[in-house]
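Colleague: I'd like to ask you about the structure that follows.
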Amino acid sequence: MSRIRVLAVCLGNICRSPTAEAVLRYKLATAGLDGRVEVDSAGTGDWHVGEPPDPRSQRHAARRGYDLSTLRARRVAEEDFQRFDLILAMDHDNLADLQRLAPDRGRRAELRLFARIEVPDPYLSGPAGFERVLDLVEEASDAWVEDLVRRLGTS
C-alpha cells in the first residue's frame, strides 16, 4: 500500500477530531510520512458544518505548537467509508454512530477507536478537559504513526 487515508471523527468536528487531525499530521510530517498518509477529520453531527474549531481547542493546541486555524467542520459522508482506509472514532458513541452510518456495501474503511481509551468531549469542560484531549491525542498519534509505518512498510 503506497498511500493511506485516515479520518478522525468526533461528534461535532470542532474539538477532538480537528485536534487529532492537526496532531497526527504534525507527527506524520516529523516521521517523514506526510506525503504518504492523508489525514482529515469530520463529525457525525452537522451542527457546526463550515465552522472553525472551538477557540479553546485552537488556543490549547497552539500552546503545544499545533495549528487548527485553517480547519473547518464537516459531517461524515457516505463516500468517506470508501475513500478512507481508517476511520478513527474518539469514543464508543462515535464508533456506534459510524457503524450505523456505514453503507452495507462498498465499505473500504476499517472503523476503530482513535485511542486505547475514549477521548472525552471537552466542550462543556474547562481548560483541563482540553489539555486532557491533547494528552490522549498525542499519545494515540504516536502509536498510530508506528502502526502506519508498519502498514506502509517504511522503516
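The values are calculated or read from the model by the stated rules, or taken from the named source; none is laboratory data. Since the structure is predicted, the reported quantities are computational estimates derived from the model, not experimental observations. Positions of Cβ are backbone-derived with ideal geometry, glycine not excepted, and every protein chain shown enters the neighbour counts. These area figures cover heavy atoms from the full protein model, side chains too; ligands, DNA and RNA do not enter into them. Shrake-Rupley method; radii C 1.70, N 1.55, O 1.52, S 1.80 Å.
Colleague: Under 6 Å between Cβ atoms, at least 6 apart or on separate chains: pull out the pairs that start in segment 90-104 with a residue that is in contact (Cβ under 8 Å) with a residue 60 or more places away in the chain and end on any residue that is small (Gly, Ala, Ser).
Modeller: Pairs found: Leu98/Ala89.
Colleague: Do we have Asp91 as in contact with a Pro (Cβ under 8 Å, 6 or more places away or on another chain) and either charged (D, E, K, R) or exposed (fewer than 12 other Cβ atoms within 10 Å of the Cβ) (or both) here?
Modeller: The answer is yes for Asp91.
Colleague: What single numbered condition from (1) modelled with pLDDT of 95 or more; (2) surrounded by fewer than 19 Cβ atoms within 10 Å (Cβ to Cβ) fails to hold for Leu98?
Modeller: Among (1) modelled with pLDDT of 95 or more; (2) surrounded by fewer than 19 Cβ atoms within 10 Å (Cβ to Cβ), the lone unmet condition for Leu98 is (2).
Colleague: If I ask for residues that are more than 16 Å from Phe84 (Cα to Cα) and either without any contact (Cβ under 8 Å) to a residue 24 or more places away in the chain or surrounded by fewer than 21 Cβ atoms within 10 Å (Cβ to Cβ) (or both), which ones from segment 28-43 would you list?
Modeller: Narrowing segment 28-43 to residues more than 16 Å from Phe84 (Cα to Cα): 28-33.
The answer is Ala29, Thr30, Ala31, Gly32, Leu33.
Colleague: Could you list all residues from segment 60-80 that are open to solvent by 60 Å² or more (accessible area, probe 1.4 Å), over 18 Å from Arg25 (Cα atoms) and not in a loop (DSSP other than H, G, I, E, B)?
Modeller: Scanning segment 60-80 gives a single hit, Arg75.
Colleague: Another one. Open to solvent by 50 Å² or more (accessible area, probe 1.4 Å), modelled with pLDDT under 95, in a loop (DSSP other than H, G, I, E, B) and among the acidic types (Asp, Glu): is that true of Asp46 in this structure?
Modeller: For Asp46, the condition - open to solvent by 50 Å² or more (accessible area, probe 1.4 Å), modelled with pLDDT under 95, in a loop (DSSP other than H, G, I, E, B) and among the acidic types (Asp, Glu) - is not met.
Colleague: While we're looking at this one, here's another question. Only one of (1) open to solvent by 40 Å² or more (accessible area, probe 1.4 Å); (2) in a loop (DSSP other than H, G, I, E, B); (3) out of contact with any helix residue (DSSP H, G or I) (no Cβ under 7 Å at 6 or more places or on another chain); (4) not acidic (Asp, Glu) is not met by Arg108, so which one is it?
Modeller: Condition not satisfied by Arg108: (3).
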